[in-house]
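The values are calculated or read from the model by the stated rules, or taken from the named source; none is laboratory data. Predicted, not measured: the structure shown is a model, and the values here were computed from it. Ideal geometry is used to build each Cβ from the backbone, glycine not excepted, and the neighbour counts take in all protein chains shown. Surface accessibility is based on the protein's heavy atoms, side chains included, excluding ligands, DNA and RNA. Shrake-Rupley method; radii C 1.70, N 1.55, O 1.52, S 1.80 Å.
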Amino acid sequence: MYENINLKIGDRIKALRKIKNISQETLANMADIERGYMTGVESGKRNVSVKVLSKIITALDTSFSDFFNDKEFVK
């Protein structure tokens, strides 16, 4: 179950990053996290904390509600 949510979060981050046309490294720098950690988050291999997710969402210039208002999260 947790792996599934980690994959969904990672996929959403990657999709928003690609829409913004920024690299993984750029997003990691903007969010003040390590690039290797960002790779793990996007691939669903990291269990991202709310604090780190907040930094990523802020760097993507979106809100928690917009981030989670996606077909992957809405049932």
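Residues that are at pLDDT 95 or above and either hydrophobic (A, V, I, L, M, F, W, C) or surrounded by 17 or more Cβ atoms within 10 Å (Cβ to Cβ) (or both) within region 25-50 comprise LEU27, ALA28, MET30, ALA31, ILE33, MET38, VAL41, GLU42, VAL50, listed in sequence order.
The requirement of being modelled with pLDDT under 95 and of a type in the set (Lys, Arg) is fulfilled somewhere in region 3-19, by at least one residue. For residues in region 8-24 being open to solvent by less than 80 Å² (accessible area, probe 1.4 Å) and aliphatic (A, V, I, L, M), which is farthest from PHE67 (Cα to Cα)? Among residues in region 8-24 that are open to solvent by less than 80 Å² (accessible area, probe 1.4 Å) and aliphatic (A, V, I, L, M), the one farthest from PHE67 (Cα to Cα) is ILE22.
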